Amino acid sequence: MADLPDAGICYELLARMSLIRRFEEEAGRQYQRAKAGGFLHLAIGEEATIVGTTSVMRDEDYLIGTYRTHGHAIARGTEPKRVMAELFGRVDGTSGGRGGSMHIFDREKRFMGGYGIVGGNLPIAAGLALSSEYKGEDAVTVCMFGDGASNTGNFGETMNLAALWSLPVFFLVENNLYGMGTSVERHSAQTDLSKKAEGYGVRGERIDGMDVIAVREAVAEGIRQAREERRPTLLEAFTYRYRGHSAADPEVYREREEVEEWQRKDPIEAFARRCIDAGVLGERELQEVRDKADEQVRAAVEFAESSPEPALDSLYESLYVVEGEAGWYAVDERSPEPHRGEREEQMPQAARELAEAGAAYGGRPDGPRPNPAEQGDAQEGVEPEVSAEVEEGGD
Ligand SMILES: Cc1ncc(C[n+]2csc(CCOP(=O)(O)OP(=O)(O)O)c2C)c(N)n1
Ligand SMILES: [Mg+2]
């Protein structure tokens, strides 16, 4: 077992893991109260993998993750209150309340999301690393994804380019043993995921993702190789999510005993005990860490509650930026002049009508869904056609 770092670092690691745990427990509660909308994927149980990784990154490094990344953002330094406000869909959220749980994003902290497409963040990670390389910067991109994502085409394509172009990128697969309800044995022919990129020339290694120090050491070395030698690594960290895949998961694919077995090796408790036994931290500090986490999460909820909802008029803002101008644009070959839903700043009335139709639809999901692209022009007296079917969805 690797040695403990000094007391200050141990305190910080414990504080970060405890804060993330408390944050996510509270996020789950707020979701039950319907304060947080959309989907909610919790990473409770995976804190050592998250915090061990981010603790050895430099400020200039990029991190990109999946849809299970509240903790990743907080670990990178995004304020918990802004993450909570994002879950609540409020203007002070990290994406102005428009992204929600799956799309936490903080450019300032170089946390590049928050990504809902399984495996979709891998090529973006290669792109980020390529941009650092191209600009002659020292930054490394850390890309975290799930065991399920290692089966996607993006995985192979990204590993190939990362090795071929010697990109400063580091990959970490958070192997929590399941992709939704499918176990690794049932979804991957090669169950040693660290070997999956060897054929592309990417070195692999397996570690205990429940041990924050083991993660820290392995990631530090991987990042060093990426930064100094331009050699990508694929690190497989064994971890476990205590909660279901998302808030709506009946969990028929695993036994209660399996969850309890992993909970007995809880990464936060195990690390706290180790620090106490080694005399690095005392009971008083442990209590302080818990109290501070409670306080920060309580303040985050209060902040999110009091942050306003985005204004209805702003519905079409920030969807695209074309030549520095933000707005909602569509390629429409019917005629060159603006159509409904386009260039809303020149057509405030049409934008308002569409926003109101959207809001009314929100309260009446069985009704016809407004689709600006199919609703004709904004000319006076033209009655918009309403069509398109209600989309079914689930994640
Ligand atoms: C391309 C794509 N296919 C399917 C889905 C639906 N989906 C969402 S999460 C998930 C499981 C992914 O599992 P894993 O990569 O192990 O990550 P984990 O959820 O365990 O963190 C699937 C199949 C999706 N979002 N994107
Ligand atoms: Mg998984």
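Observations on the structure shown:
- Residue identified as surrounded by fewer than 24 Cβ atoms within 10 Å (Cβ to Cβ) and either under 19 Å from the mean Cα position of the chain (by Cα) or among the basic types (Lys, Arg) (or both) among Ser166, Ser246, Ser183: Ser246
- Residue match in the stretch 70-88 (condition: assigned to a loop (DSSP other than H, G, I, E, B), out of contact with any strand residue (DSSP E or B) (no Cβ under 6 Å at 6 or more places or on another chain) and acidic (Asp, Glu)): yes
- Test: residue in the stretch 233-252 that is at pLDDT 95 or above and more than 19 Å from Gly148 (Cβ to Cβ): yes
- Check on Arg76, over 23 Å from Arg224 (Cα atoms) and at pLDDT 95 or above: no
- Of everything listed in (1) within 16 Å of ligand 2 (Cβ to nearest atom); (2) closer than 24 Å to Glu60 by Cα; (3) among the polar types (S, T, N, Q), the single unmet condition for Thr158 is (1).
- Cβ separations smaller than 9 Å between residues 6+ apart or across chains give the following pairs from the stretch 158-179 residues that are closer than 23 Å to Ser131 by Cβ and polar (S, T, N, Q) to residues that are modelled with pLDDT of 95 or more and in a strand (DSSP E or B): Thr158/Cys143; Thr158/Val169; Thr158/Phe171.
- Matching option when the condition is under 12 Å from the mean Cα position of the chain (by Cα), open to solvent by 30 Å² or more (accessible area, probe 1.4 Å) and in contact (Cβ under 8 Å) with a residue 60 or more places away in the chain, among Val118, Val91, Val83: Val118
- Residues in the stretch 275-313 that are more than 25 Å from the chain's Cα centre (by Cα) and either open to solvent by 90 Å² or more (accessible area, probe 1.4 Å) or at positive phi (or both): Asp277, Gly279, Glu283, Arg284, Asp313.
The values are calculated or read from the model by the stated rules, or taken from the named source; none is laboratory data. In this text the structure is predicted, and so the values were computed from the model without any measurement. Positions of Cβ are generated from backbone atoms using ideal geometry, with glycine treated the same way; all protein chains shown enter the neighbour counts. Only protein heavy atoms, including side chains, enter the accessible area calculation; ligands, DNA and RNA are left aside. Shrake-Rupley method; radii C 1.70, N 1.55, O 1.52, S 1.80 Å.
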